[in-house]
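Report on the structure given below.
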Amino acid sequence: MQMAKGELEDKISKALTQWEKEYLGRGSVSVKTDIVRNMIIVLLKGVLTPAERNLAQTIEGMLSIKKIRADLVESGSDQLKELIANMTGSNVTSFYTDVSTRTGERVMVFIMSDNLEEQYR
């Protein structure tokens, strides 16, 4: 029997937390995943270190953190796409991410080749 949508969302949240810890060296404080049509939307809270939060007080610091964080995640995006594809049985056609230096949240959006919301009810 196929797992329910909520179970898959929870499984993705746990897997991304683990990926963050292994790849980036630390995990976020909380992770919430939502499957909407062919998209997997992940909100990660508490992703910035205390030093990054301090650095983000200036425009230059904020831009620097955004660039470094984007580069770090981009360098591991193939791993992320493979992880999501293996868990869902659907290919990732595109991947978007950004971090808010104001709130310390990161959003990840995976666009899938299939409508997962229809497959996982």
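The values are calculated or read from the model by the stated rules, or taken from the named source; none is laboratory data. What you see is a predicted model, and the numbers here were worked out from it, not measured in a lab. Note that each Cβ is placed from the backbone with ideal geometry, even for glycine, and that neighbours are counted across all protein chains shown. What goes into the accessible areas is simple: the full protein's heavy atoms, side chains included, and nothing from ligands, DNA or RNA. Shrake-Rupley method; radii C 1.70, N 1.55, O 1.52, S 1.80 Å.
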- To the nearest 20 debye, what is the magnitude of the charge dipole of the chain about its Cα centre, counting +1 on the Cβ of each Lys and Arg and -1 on the Cβ of each Asp and Glu? 360
- Whichever aspartates and glutamates have a C-alpha closer than 20 Å to that of K67, once near sequence neighbours (fewer than 8 apart) are set aside: E20, E52, D78, D98, E105
- Item | Share of carbon and sulfur in the accessible heavy-atom surface of the chain [1.4 Å probe, %] | 52
- Task: Putting +1 on Lys and Arg Cβ atoms and -1 on Asp and Glu Cβ atoms, find which of S100, W19, M3 reaches farthest to the positive end of the dipole of the chain.
- Result: S100
- Query: What lysines sit close enough to K66 to cross-link, taking a C-alpha to C-alpha distance under 23 Å and skipping anything fewer than 8 places away on the same chain?
  - Reply: K21, K32, K45, K81
- Percent relative contact order of the stretch 40-121, based on C-alpha pairs within less than 8 angstrom and at least six residues apart? 40
- What does the accessible area per residue of the chain come to in Å², with a 1.4 Å probe and no ligands, DNA or RNA counted? 57
